[in-house]
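Enquirer: The structure that follows is given in the form of structure tokens.
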Amino acid sequence: MPTVRESVFEMLRERGMTTIFGNPGSTELPMLKDFPSDFRYVLGLQEAVAVGMADGFAQASGLPTQVNLHTAPGVGNGMGAIFNAQANKAPLLVTAGQQSRSLMTLQANLTNRDAVRMPHPLVKWSYEPPRAEDVPHALARGIHLASLPPRGPVFVSIPMDDWDADIDADAVRHNTTRTVGGRAAPDPAAIRDLASRLGSASSPVMVVGPDADNCDAWDAAVALAERRRLPVWATPAPGGGRIGFPEDHRAFQGILPPAIGPVSEVLKEHDLILVVGSSVFPYYPNIPGPLLPDGATLVAITSDHDEAARAPMGDAIVADPGLALQALVEAVDAGDGDGPPKRPDPEPVPDEDPINPSAAAAVVADVWPDDGILVLESPSSTLAMRNRLRLNKPGSYYFGAGGGLGFGLAAAIGVQLAQPDRQVVCVVGEGSAQYAITGLWTAAAYKVPVTFLVLRNEEYAILKWFAQLESVEGAPGLDLPALDCVAVASAYGVEARSVAGADELREALREDIAADGPRLIEVRVAPGMALA
């Protein structure tokens, strides 16, 4: 009879889940015994980094991805990253070891006293199988749930003595080889009604969010914008972990501001707002105002029933955004006129010392590889990077939609492992980098050729901006003197250097993006926010 371990690895193999991220402890060693040679185990030196890498890998590969943590303390270390994965809708199978069953009632050392409740509310489902024989079925169920819309992390706790238990091969075959699909088509009547509303609106607009990238809706969104001559905005940046529309397209107007009043002000000329693949809306900070401009109505298309239910205004169609947009393109008539004017190119930025963050973004745009992928965690430079790069291919942008720091550096490694034929550039602030800095060791150890660009402004610039917005004076802990990412990267085995000015940065990026291993460049930038 096969063991639980043998059955689980065969199930993972059949599903293409042969890359596992983790940070092992004593309760995880029984799973890793006789680790199969056709699997790849990617070690993170801390659990949050392992989760972040798995998050990036899952999003970039489109596959559910396992990340294996160390019982209660490891789950605790990883929960901030699981929060980000939930916001990113990353299909993660989070597993953790548990004390042996015979010692759990005694609460022996390393027992997770309430393993099922611990990761809530950050996971879609949490479970600890009642018997060793149930482990493969529980993991299969978790994979299905993580993969169904809205995608997201699930959690399974596995007692360490379960792995060597014998199991009924026939029962395992039945419950682990099932397929479960989840793309829901829209109600045809709802699509007909929406097409009619688009046809009768005097000034409709489309707002596209991250799930238009997840659901292969990219081409359909472009087709609808071109057919109806629609202006297109991206959902506010804090909630936009992906981009669902080419940002160099003539119809694209920019990124919505992330607050109630400013969003309404930007959209005030429109009487119908179509939101695709986004919540309505990922607001932050709290700047009050009307939820909608006077006379405007809103319709959202989302695969996430909770997004549809919690929206404060407008109607919603719960369906796969790609399928819904394809049906809508077929249902609408062609629009009149030339469409919206193309947004202007960004203004040039002088080369000063230290350079403005917008100048750094302009340099990145100058050397950007044709099929490059940007992983971004520099909050004060986010808008400048997007406004100057104007990415135009699916799967080219990853950002921590949850807002918790630590996603960028770790996720970039996972994205590069999932997309080895594309060049990944991770742009990160020196403060953000510290939350996942041990990921540099993984990049070096596994020769993951990410180019890390650290923008060093010696402060938490985004927090100083928020302090002004919130009328907060004298707050401590907002300055970051003496952080040396180059020295830290070198200690972890990553080739690193500091540069100054646009010309040095441009040359360094050209060299390092073409390198066959991880590289880190640190450039000093002026403090403050960069918006364009």
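Enquirer: So between HIS120 and ARG497, what do we pick up on full extension, going 0.36 nm a residue minus the alpha carbon distance?
Expert: The HIS120-ARG497 span can extend by a further 131.6 nm.
Enquirer: Along its principal axes, what span do the Cα atoms of the chain show, with the longest given first and each in whole Å?
Expert: Projected onto its principal axes, the Cα set of the chain covers 70, 59, 44 Å.
Enquirer: Can you tell me the FRET efficiency between ASP315 and ARG390 if r is taken as the Cβ-Cβ distance and R0 is 25 Å, rounded to the nearest 0.05?
Expert: Between ASP315 and ARG390 the formula returns 0.20.
Enquirer: Given charges of +1 on the Cβ of Lys and Arg and -1 on the Cβ of Asp and Glu, with all other atoms neutral, how large is the dipole of the chain about its Cα centre, in debye to the nearest 20?
Expert: The calculated dipole for the chain is roughly 680 debye.
Enquirer: For ALA365 and MET104 in one chain, what is 0.36 nm times their gap in residues minus the Cα-Cα distance, to one decimal in nm?
Expert: Roughly 88.4 nm would be gained on extension.
Enquirer: Can I ask one more? Which order, highest average first, do 336-348, 71-83 follow once you tally other Cβ atoms within 10 Å for each residue and take the mean per peptide?
Expert: By packing density, highest mean first, the sequence is 71-83, 336-348.
Enquirer: Here is a follow-up. Calculate, for GLU507 and LYS447, the FRET efficiency according to 1/(1 + (r/R0)^6) with r their C-beta to C-beta distance and R0 30 Å; round to the nearest 0.05.
Expert: After rounding, the FRET efficiency stands at 0.80.
Enquirer: Which residues does the label zone of ASP306 cover in region 79-123, counting backbone N under 14 Å from a point 7 Å along Cα→Cβ?
Expert: 82-92, 119-123
Enquirer: Moving on to the next point. Using a simple spin-label model with points 7 Å from Cα along the Cα→Cβ vector, what separation in nm is obtained for SER26 and ARG113?
Expert: Distance between label points: 1.9 nm.
Enquirer: What order, most packed first, do the peptides 179-186, 55-62 have when packing is the mean number of other Cβ atoms within 10 Å of each residue?
Expert: With the highest mean Cβ count within 10 Å placed first, the list reads 55-62, 179-186.
Enquirer: How high is the FRET efficiency between ILE287 and THR18 when r is their beta carbon distance and R₀ equals 51 Å, given to the nearest 0.05?
Expert: After rounding, the FRET efficiency stands at 0.65.
Enquirer: Ok, one more. Spelling out what I want: for every residue of region 125-139, take phi, set θ = phi - 60°, compute 6.51 cos²θ - 1.76 cosθ + 1.60 (Karplus), and round to whole Hz; glycine and proline get x.
Expert: Karplus-based 3J(HN,Hα) across region 125-139 equals 7, 9, 7, 10, x, x, 9, 4, 4, 8, 4, x, 5, 4, 5 Hz.
Enquirer: Then there's this: Please give, to one decimal in nm, the separation of the simple spin-label points placed at GLU347 and LYS33, each 7 Å out from Cα toward the Cβ.
Expert: 6.8 nm
Enquirer: Continuing with the same structure: Using each residue's phi in region 248-265, evaluate 6.51 cos²θ - 1.76 cosθ + 1.60 at θ = phi - 60° and report the 3J(HN,Hα) Karplus result to the nearest Hz, with x for Gly and Pro.
Expert: Listing the rounded values in order: 9, 6, 4, 6, 6, 9, x, 10, 5, x, x, 8, 4, x, x, 4, 4, 5 Hz.
Enquirer: Whose amide H sits under 5 Å from the amide H of VAL207, counting only residues 5 or more places off or on another chain, with H placed in the peptide plane?
Expert: Answer set, sorted by chain and number: TRP233, LEU274, VAL275, VAL276.
Enquirer: For LYS393, list the lysines whose Cα falls under 22 Å from its own Cα; do not include residues on the same chain fewer than 8 positions away.
Expert: By straight Cα distance, LYS393 reaches LYS89, LYS342.
Enquirer: Further question on the same structure: Show me the GluC sites (Glu not before Pro) within region 383-487 that DSSP assigns to loop and that have at most 15 other Cβ atoms within 10 Å of their Cβ.
Expert: Those that pass, being in a loop and sparsely packed, are GLU470, GLU473.
Enquirer: If you don't mind, there's one more thing I want to ask. State whether region 188-331 is rounded, prolate or oblate according to the following rule on the C-alpha gyration tensor (a ≥ b ≥ c being the square roots of its eigenvalues): a/c under 1.5 gives rounded; otherwise a/b larger than b/c gives prolate, and the remaining case gives oblate.
Expert: Note, shape of region 188-331 comes out rounded.
Enquirer: Continuing with this model, one more query. At 0.36 nm per residue, and after removing the present C-alpha to C-alpha distance, how many nm does the segment from ALA467 to ASP484 gain when stretched out fully?
Expert: 3.6 nm
Enquirer: Next question. Using +1 at the C-beta of Lys and Arg and -1 at the C-beta of Asp and Glu, which of PRO121, ALA140, VAL156 has the Cα lying farthest in the positive direction of the dipole of region 91-163?
Expert: The listed residue farthest towards the positive side: PRO121.
Enquirer: Next up: Non-local amide H neighbours of VAL525 (under 5 Å, H modeled in plane, Pro and chain starts lacking H): which ones?
Expert: Under 5 Å from the amide H of VAL525 lie the amide H atoms of ARG456, ASN457, each far enough along the sequence or on another chain.
Enquirer: Rank by packing, highest mean first: peptides 151-158, 135-142, with packing defined as the count of other Cβ atoms within 10 Å averaged across residues.
Expert: For the peptides 151-158, 135-142, the packing ranking is 151-158, 135-142.
Enquirer: Oh, and also: Amide H to amide H, which residues 5 or more places from GLY254 or on other chains are under 5 Å from it, using H placed in the peptide plane?
Expert: Under 5 Å from the amide H of GLY254 lie the amide H atoms of ALA234, each far enough along the sequence or on another chain.
Enquirer: Which one, ALA223, ILE167, PRO236, is farthest towards the positive end of the dipole of the chain when Lys and Arg carry +1 and Asp and Glu -1 on their Cβ?
Expert: Towards the positive end, the residue furthest out is ILE167.
Enquirer: Which Cα, out of LEU376, ALA359, ILE437, lies furthest along the positive dipole direction of region 357-524 (beta carbon charges, K/R +1, D/E -1)?
Expert: LEU376
Every number in this text was worked out from the coordinates using simple rules, so none of it is lab data. Bear in mind the structure is a predicted one, so any value in this text is a computation, not a measurement. Backbone-built Cβ (ideal geometry, glycine too); neighbour counts: all protein chains shown.
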